Amino acid sequence: MSSGKDYVFPYERPRAGQLNLVNAILNFSSQSPIIIVNAPTGFGKTVSILYSAIKIVERGDVGRILYIVRTRNELDPVIKEARRIGIDFTVVYSGKRMCPYAMGRSISSEGFWTICSILRLKGRCPYYNRVATRSTSTIKRIVSGSEDHFTIAKNLFSKAGVCPYFTLLSLSEEVPLTIATYPYLFKERILLSALPHIDPSETLVIMDEAHNIANIGGIMGESIEVRAINAAIEEIREFKQEEKEVIDALSALSMI
């Protein structure tokens, strides 16, 4: 995905080893599909790796970059360096936390997405209805002019009047860099529903804190609330009283 830009390293005085790392990544990327970078805190890994990645896109080896981080707060250093380099980017995380209606409210993810789906299907969400009406250049300007992930979401609904989540998902198809949290790569149903246009064979994936991959199942494990289990038990008792083994199994689960 060529942007026509001539990217340059964004700091006039790179720290010791940064440009060596850039050159090493550029050289090894054509020889190995996996590169592991280990450097001390303060080295400047984020900017060095991100700059290397966009140069790899620039020379046509891959079409786009997916930069994944573990938590929302870890999105911001990547946003900062992407802005410095001048890369067009989008950022994707929790739809519930971006929503102008749900922001700051206590609501379960399941409840939020149920309400969101109903409002969208009925055409009752004005923010979602405007997503297709705003130009890509306007959205890019708002995103690149915002300092962090929270401000990006806030500016999209306050200045452009659009749903931040679906706007940023749509923008992912138009820009070379998508910055997202772990679930958007490691949970298949989320990847396929939110970012179906991302082709692994044409994408350079950068995983922040890659040591977590050894325990990715624990980090990405699904959870269920006890009240949801108890509600299921009550429904089974009401409609399927003969399913005693299921009730016993759920009752045991609720005690763990």
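The values are calculated or read from the model by the stated rules, or taken from the named source; none is laboratory data. Since this is a predicted model, take the numbers as computed values, not measurements. Positions of Cβ are generated from backbone atoms using ideal geometry, with glycine treated the same way; all protein chains shown enter the neighbour counts. When the accessible area is computed, the model is the full protein with side chains, heavy atoms only, and any ligands, DNA or RNA have been set aside. Shrake-Rupley method; radii C 1.70, N 1.55, O 1.52, S 1.80 Å.
Some values worked out for this structure:
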{"item": "Residue among L177, L192, L75 with the largest mean-square fluctuation in a Gaussian network model of the chain, springs linking Cα atoms under 10 Å", "result": "L192"}
{"item": "Highest-fluctuation residue, P14, P77, P100 considered, GNM on the chain with Cα pairs under 10 Å", "result": "P14"}
{"item": "Carbon plus sulfur fraction of accessible area for the chain, probe 1.4 Å, in percent", "result": "52"}
{"item": "CD proxy at 222 nm, helix term only [per DSSP H run n ≥ 4: -39500 (n - 2.57); per residue of the chain; nearest 500]", "result": "-14000 deg cm²/dmol"}
{"item": "Solvent-accessible area per residue, Å², over the stretch 101-148 with all protein chains present [probe radius 1.4 Å]", "result": "69"}
{"item": "GNM result for the chain, Cα springs below 10 Å: residue of A132, A153, A214 fluctuating most strongly", "result": "A214"}
{"item": "Under 15 Å, Cβ to Cβ, from R130 - net charge with Lys/Arg +1 and Asp/Glu -1", "result": "+4"}
{"item": "The stretch 68-141 and the stretch 184-220: distance between their alpha carbon centers, rounded to Å", "result": "18"}
{"item": "Cβ-based net charge around I79, under 13 Å, with every Lys or Arg adding one and every Asp or Glu removing one", "result": "-3"}
{"item": "Cβ-based net charge around G44, under 12 Å, with every Lys or Arg adding one and every Asp or Glu removing one", "result": "+4"}
